[in-house]
1. Would you please name the residue that is nearest to residue 97 (Cα to Cα), looking only at residues in region 56-78 that are out of contact with any Leu (no Cβ under 7 Å at 6 or more places or on another chain) and outside any helix (DSSP H, G or I)?
2. For region 38-50, indicate whether the set of residues that are surrounded by 12 or more Cβ atoms within 10 Å (Cβ to Cβ), at pLDDT below 90, in a loop (DSSP other than H, G, I, E, B) and touching a Gly at 6+ places or on another chain (Cβ under 6 Å) is non-empty.
3. Going through region 74-90 one residue at a time, which ones are more than 18 Å from the chain's Cα centre (by Cα) and at positive phi?
4. Just the residues that are in contact with a strand residue (DSSP E or B) (Cβ under 7 Å, 6 or more places away or on another chain) and either assigned to a helix (DSSP H, G or I) or not assigned by TED's automatic domain parsing to the domain that holds residue 64 (or both), please, taken from region 91-119.
5. Only one residue in 54, 88 is assigned by TED's automatic domain parsing to the domain that holds residue 130, surrounded by 14 or more Cβ atoms within 10 Å (Cβ to Cβ), under 21 Å from residue 126 (Cβ atoms) and touching a Gly at 6+ places or on another chain (Cβ under 9 Å). Which one?
6. What's the total number of residues in region 57-85 that are surrounded by 15 or more Cβ atoms within 10 Å (Cβ to Cβ) and among the charged types (D, E, K, R)?
Amino acid sequence: MLNVSSWSIRNPIPAVMLFVLLTVAGFIAFGSMKVQNFPDLDLPTITVNASLPGAAPTQLETDVARKLENALAPLQGLKHITTKVQDGTVSITAEFRMEKPVQEAVDDVRSAIQSVRADLPGELRDPIVQKNQPRWHASTGLHLAIKPHG
């Protein structure tokens, strides 16, 4: 019984033709591949912004941020919560697992926020729930470091 390598040694033309055919097919396939610098990803990341003008950061943390975080924490598929409190504003970013549809995540977050709305301060403006749009954010950054001589 002949093996492929001994047959290819005795008959090099078919082996070379097969190699050339596969190489050309590879180049054609590579050329037809779609490449995007910014692929269309619909990441299930939701941002909640709430503002209480004139409030101190500690008041925002205890009266607003913790209550909103506690409302979001039991949501199905939640992966990570990040909260930022500054100048009368609370910004909470809820990142869900990729399997979670974005609109379902937005609806879940809205209903969780509405369930604790009565517990939040009355002067608090209505929290704004929106999905993150990755195309809106800068995707590159510049980092500079200055090293002293010596």
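1. The selected residue is 77.
2. Checked region 38-50: no residue is surrounded by 12 or more Cβ atoms within 10 Å (Cβ to Cβ), at pLDDT below 90, in a loop (DSSP other than H, G, I, E, B) and touching a Gly at 6+ places or on another chain (Cβ under 6 Å).
3. Selection gives 87, 88.
4. Correct list: 102, 105, 106, 109, 110, 113.
5. Testing whether each residue is assigned by TED's automatic domain parsing to the domain that holds residue 130, surrounded by 14 or more Cβ atoms within 10 Å (Cβ to Cβ), under 21 Å from residue 126 (Cβ atoms) and touching a Gly at 6+ places or on another chain (Cβ under 9 Å) leaves just 88.
6. Here the count works out to 4.
The values are calculated or read from the model by the stated rules, or taken from the named source; none is laboratory data. Nothing here was measured: the structure is a model prediction, and the numbers come from that model. Positions of Cβ are generated from backbone atoms using ideal geometry, with glycine treated the same way; all protein chains shown enter the neighbour counts.
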